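The values are calculated or read from the model by the stated rules, or taken from the named source; none is laboratory data. Just so you know, these numbers come straight off a predicted model, no measurement behind them. Please note: Cβ atoms are built from the backbone with ideal geometry, for glycine as well, and neighbour counts cover all protein chains shown. The protein model used for the area step is the full one, side chains on, heavy atoms only, and it has no ligands, DNA or RNA in it. Shrake-Rupley method; radii C 1.70, N 1.55, O 1.52, S 1.80 Å.
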Amino acid sequence: MAMDNLKQFLVFLFAAAAVGFVSIIFVIRWVLHYKEGLAWDGGLAEFNWHPVLIVTGFIFLQGIAIIVYRLPWTWQCSKLMMKFIHAGLNLLAFIFAVISMVAVFDFHNAAKIPNMYSLHSWLGLIVVILYCLQLVLGVGIYLIPITPVSWRAMVMPLHVYSGLLLFSSTIAVALMGITEKLIFGLNNPKYKDLPPEAVFVNVLGVLLVVFGALILWIATRQSWKRPSDEILHTLHTNGGGEDSTRVGPALSQLTEGTDAEPSGDVRRRSNKLDDQIN
Ligand code: HEM
Ligand code: HEM
């Protein structure tokens, strides 16, 4: 990655991490300072695990899982190891989402509030089920070594599309949940009177949208994509010696729209192998 481009990447990465961390601080402060705190007692403090685990796990961890292949300092790690990290982070995000849903179902049952009546709950459950499907298919297709490379490459555009769609939908569902909670939870003063809690939590909603926007930007830049292992290997050996610390400079030749133009040969191979996911 050429210097300019790398700087740009780091700015986006830092911004995404910062906005993500601040969102986590906001959701924790919301439940601890403005609401009933956290507990597993069938009451409102149990419900509060729902937004906390969603923001920290299902949104933040999923966002990081999506861009983990794009961190240039991981390009010298094997693809298999990065797959384990990508899959592991997504699995963790899923576990957080499931526990967060157990919290809200448990709270509803204890308080005799009906289940699954809202659009938020319908879309939320659909997103979690499809996320689980994406996880199982991801493991089946990209981790279990029997799937032919041609299948892997064929399914990859769908995997990326459905992954980005799920991530965006997760944020949309969270915004609906936040709005519902503010409308239900604020009485005297009401939401329409815009008390400090409403302003604070509206800002949390804006932060989640900004986090999503940054992750989507990073995940859709063609020139920030992880080069295929074969390209890495070719440049690595052509670049002189097996010293893996030399991989970094060699990679600068792979990016598009930079001052370090790759030779036609490398570019042609790069394009071809980019589609060959394994
Ligand atoms: C309820 C999923 C984010 C607030 C529910 C229910 C599900 C769900 C399935 C139904 C529980 C039941 O019927 O017993 C999700 C998913 C989210 C998410 C998948 C993440 C994408 C949030 C966030 C908040 C929130 C961030 C903010 C506080 C609520 C509220 C309810 C609820 C107030 C109870 C009312 C209702 O059933 O609509 N959620 N939720 N949710 N959620 Fe979420
Ligand atoms: C790439 C999402 C699970 C393997 C991607 C990308 C997204 C994504 C958005 C594009 C990233 C990029 O272009 O840099 C998801 C989601 C998952 C999930 C939301 C879980 C629900 C898995 C699992 C595996 C896997 C379990 C199994 C190892 C891959 C591979 C790539 C990829 C091999 C290509 C990386 C590259 O371009 O070098 N995934 N994924 N994914 N994912 Fe997943």
Taking only protein heavy atoms into account and a 1.4 Å probe, give the accessible area per residue of the range 3-226 in Å². 51
Can you tell me the mean projection area, over all orientations, of the convex hull of the range 104-149's alpha carbons? Units nm², please. 4.3
Across the range 202-209, in residue order, what do the Karplus-derived ³J(HN,Hα) couplings come to in whole Hz, using 6.51 cos²θ - 1.76 cosθ + 1.60 with θ = phi - 60° and x for Gly and Pro? 4, 4, 4, x, 5, 4, 5, 5
So what does MET101 come to for accessible area, using a 1.4 Å probe and Å² rounded to 10? 40
All alpha-carbon distances of the range 27-158, grouped into 10 Å bins from 0, give the whole-percent distribution 11, 33, 29, 17, 9, 1
Excluding CYS77 itself, what net charge comes from residues whose Cβ is under 14 Å from its Cβ, given Lys and Arg +1 and Asp and Glu -1? +3
Top to bottom by accessible area (1.4 Å), largest first, where do THR179, THR56 land? THR179, THR56
When the accessible area of the range 33-85 is computed with all protein chains present and a 1.4 Å probe, what percentage of it is carbon and sulfur? 70
If amide H atoms are modeled at 1.01 Å from N in the peptide plane, then the residues at a separation of 5 or more from ARG226, or on another chain, having amide H under 5 Å from its own are none
In what order, largest first, do TRP40, TRP49 sit by accessible area if the probe radius is 1.4 Å? TRP40, TRP49
So which lysines can LYS79 reach, going by Cα to Cα under 25 Å and dropping same-chain residues fewer than 8 places off? LYS7, LYS225, LYS272
Among the lysines, which have Cα under 26 Å from the Cα of LYS192 when same-chain residues fewer than 8 positions away are ignored? LYS35, LYS181
Explain nothing, just compute: Karplus ³J(HN,Hα) = 6.51 cos²θ - 1.76 cosθ + 1.60, θ = phi - 60°, for every residue of the range 84-89 in order, whole Hz, x for Gly and Pro. 4, 5, 4, 5, x, 5
Please compute the volume of the convex hull spanned by the alpha-carbon atoms of the range 3-226 and report it per residue in Å³. 131
